[in-house]
1. Sort out which residues of region 269-294 are away from ligand 1 (no atom under 13 Å from the Cβ) and either over 10 Å from the mean Cα position of the chain (by Cα) or open to solvent by less than 10 Å² (accessible area, probe 1.4 Å) (or both), and write them in order of number.
2. Only one of F193, F152, F135 is within 16 Å of ligand 2 (Cβ to nearest atom) and hydrophobic (A, V, I, L, M, F, W, C); which?
3. Working only within region 39-59, note down all residues that are open to solvent by 60 Å² or more (accessible area, probe 1.4 Å) and either of a type in the set (S, T, N, Q) or modelled with pLDDT of 95 or more (or both).
4. Check I21, I73 and return the single one that is in a loop (DSSP other than H, G, I, E, B) and surrounded by 15 or more Cβ atoms within 10 Å (Cβ to Cβ).
5. Filtering region 110-148 down to residues that are among the acidic types (D, E) and under 25 Å from M183 (Cα atoms), which residue is farthest from ligand 1 (Cβ to nearest atom)?
6. What about E274, is it without any contact (Cβ under 8 Å) to a residue 24 or more places away in the chain, under 17 Å from I134 (Cα atoms) and assigned by TED's automatic domain parsing to the domain that holds A248?
7. Give me the pairs, please: first residue somewhere in region 85-100 and on the phi > 0 side of the Ramachandran plot, second residue anywhere and open to solvent by 30 Å² or more (accessible area, probe 1.4 Å), beta-carbon distance under 7 Å, and either six or more positions apart or on two chains.
8. Identify, by number, the condition in (1) free of Cβ contacts under 8 Å to residues at least 40 places away in the same chain; (2) surrounded by fewer than 22 Cβ atoms within 10 Å (Cβ to Cβ); (3) part of a loop (DSSP other than H, G, I, E, B) that Q64 doesn't meet.
Amino acid sequence: MSQKISLTRYLIEQQRRDGHIPQDLRLLLEVVARACKSISQAVNKGALGGSASILGTAHTENVQGEVQKKLDIIANEVLIEANEWGGHLAAMASEEMQSIYAVPNRYPQGEYLLLFDPLDGSSNIDINASIGTIFSVLRKPEGTSAVAESDFLQPGSQQVAAGYCIYGPQTTLVLTVGDGVAMFTLDREQGSFVLIEENVRIPEDTQEFAINMSNMRHWDAPVKRYVDELLAGQDGVRHKDFNMRWVAAMVADVHRILCRGGVFMYPWDKREPEKAGKLRLMYEANPMSWLVEQAGGAATNGRQRILDLQPGKLHERVSVVLGSKNEVQRLTSYHSQL
Ligand code: F6P
Ligand code: MN
């Protein structure tokens, strides 16, 4: 790419193209990107950040009963503070907050709802491995004045923008507004995100899979059958060898899949049978599924397209299979056969 295209320019061009994105949505996305830059700075400093180290546990639990890291809380605050005053949003929801956060009355109210996982894969923070911020934007239903949790409960197919920012060797923001998937890497000298790929495509076939194999004994039959067949490699029914990767941060595993293909699974398992899965539908599975579909891949819960699922509550969990289309379809078909 000869001329560098900034995120700002990319979004303005999207806005100009038949008003593909409204100005308010463009500004909202710029604010999210700015918040991600601040989070990236904090992540980069690690143990050197502030008077006390920002690494380690905050000795609190989130609504999911998971121990919060200091950086989980910092990232959540950065996103809220950056987004609450701009006038583009009506409310926000986060993995780290039990209830929705309505924009305070002292600020103008906008038309959008923002959901996020402020720091996905936070068990990676202390070991200097990749983590990220995942976000999803919905429109506030028409005719609502005071925003309620029920306004957020829209299927993923209603998203108007979705993306993530991965904090790895590079900080890269990956975005869709329904017109393909674009990637932008943070140029720290310039302080701006620069377009590195504007038409991300996931190959339909792959020889790479991602799943937490230590849970194998808890899976149900279709997932066991599928993974057994992958492990059998050349000698089995698939007649080819597969490789496995597991970063333990969805954001990093999905990023790899957007870069070179693969299939990612976090299925339902018997450990907590009443839960549909580990990952959260509204701010993990939905945005990632839309990105994957926009890049030519597929995403299901083993039976149905994730983007068609009607959420029943904000922190709902879901089983996830996403990535290279032919692998997702194969595992999904095993669920209907057994
Ligand atoms: O947000 C939940 C999460 O951290 C994902 O990012 C990741 O894919 C998964 O959990 C890791 O799960 P496990 O601890 O089973 O490897
Ligand atoms: Mn997460």
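1. Taking region 269-294 and keeping what is away from ligand 1 (no atom under 13 Å from the Cβ), we get 270, 273-274, 276, 286, 289-294.
Matches in region 269-294: K270, P273, E274, A276, N286, S289, L291, V292, E293, Q294.
2. Working: F193 fails: within 16 Å of ligand 2 (Cβ to nearest atom); F152 fails: within 16 Å of ligand 2 (Cβ to nearest atom).
The match here is F135.
3. The initial filter retains those residues of region 39-59 that are open to solvent by 60 Å² or more (accessible area, probe 1.4 Å), namely 41, 44-45, 47-48, 50-52, 59.
Hits for region 39-59 are Q41, N44, S51.
4. On the way: I73 fails: in a loop (DSSP other than H, G, I, E, B).
Step by step, each of I21, I73 is checked, and only I21 is in a loop (DSSP other than H, G, I, E, B) and surrounded by 15 or more Cβ atoms within 10 Å (Cβ to Cβ).
5. Pass one, region 110-148, residues among the acidic types (D, E): 111, 117, 120, 126, 142.
Remaining after also requiring under 25 Å from M183 (Cα atoms): 117, 120.
On the way: D117: 6, D120: 5 Å.
The residue in question is D117.
6. Working: without any contact (Cβ under 8 Å) to a residue 24 or more places away in the chain: yes; under 17 Å from I134 (Cα atoms): no; assigned by TED's automatic domain parsing to the domain that holds A248: yes.
Considered against the rule, which asks whether it is without any contact (Cβ under 8 Å) to a residue 24 or more places away in the chain, under 17 Å from I134 (Cα atoms) and assigned by TED's automatic domain parsing to the domain that holds A248, E274 comes out as no.
7. Final answer for the pair search is G87/Y107; G87/P108.
8. (1)
The values are calculated or read from the model by the stated rules, or taken from the named source; none is laboratory data. Model, not experiment: these values are computed from the prediction. No Cβ is skipped: glycine too gets one built from the backbone with ideal geometry, and neighbour counts run over all protein chains shown. Surface areas here come from the heavy atoms of the whole protein model, side chains and all, with no ligands, DNA or RNA. Shrake-Rupley method; radii C 1.70, N 1.55, O 1.52, S 1.80 Å.
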